[in-house]
Amino acid sequence: MSGSGIANRPTSVTAGSSAEDIACGYLEKRGLRLLARNYRCRTGEIDLIMRDGEDLVFVEVRYRKYDAFGSAAETVSSAKRTRIVTTAACYLQRQPVEPPCRFDVVAIGGEAPHRIEWIRDAFQ
């Protein structure tokens with residue numbers, strides 16, 4: 001198995017983890033700082049929780065090797081958005097103060113070198 005990216009990974013779980021690695025590195029290079037990864041509560045999971053200046057950023061990472069049935073960004077359904085927002089509320093309940101927040105999507109497509117689309121403030 002080479003370290004070239006997602007395409008050589010055997011399972012969807014491993015592919016998801018690799019996509020999160022790529023997204024996290026991409027965002028860190030742009031100044032964001034990782035606070036939590038794969039945060040889970042009873043309502044769902046958030047892939048990455050990061051800090052962008054004063055903003056708390058909840059990041060959904062999506063990967064699609066092929067765009068034949070839609071891009072990676074298009075796979076964030078309204079039900080998925082609702083679960084992310086509800087899970088973010090669980091995370092925020094444990095914080096001493098509620099900072100400004102936003103929800104971003106990092107969509108990764110193709111094989112290495114991957115196409116990366118960072119959608120800031122993707123939904124409310």
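Annotations for the structure displayed:
- In this label model, residue 80 and residue 30 are separated by 1.8 nm, measuring between points 7 Å along each Cα→Cβ vector.
- Fraction of beta bridges assigned by DSSP in the stretch 45-117 that are antiparallel (%, nearest 5): 45
- Ratio Rg/Rh, restricted to the stretch 23-69 and using Cα atoms, in which Rh is the Kirkwood radius: 1.06
Values in this text are rule-based calculations from the coordinates and carry no lab data. None of the values given here were measured: they were computed from a predicted structure. Note that each Cβ is placed from the backbone with ideal geometry, even for glycine, and that neighbours are counted across all protein chains shown.
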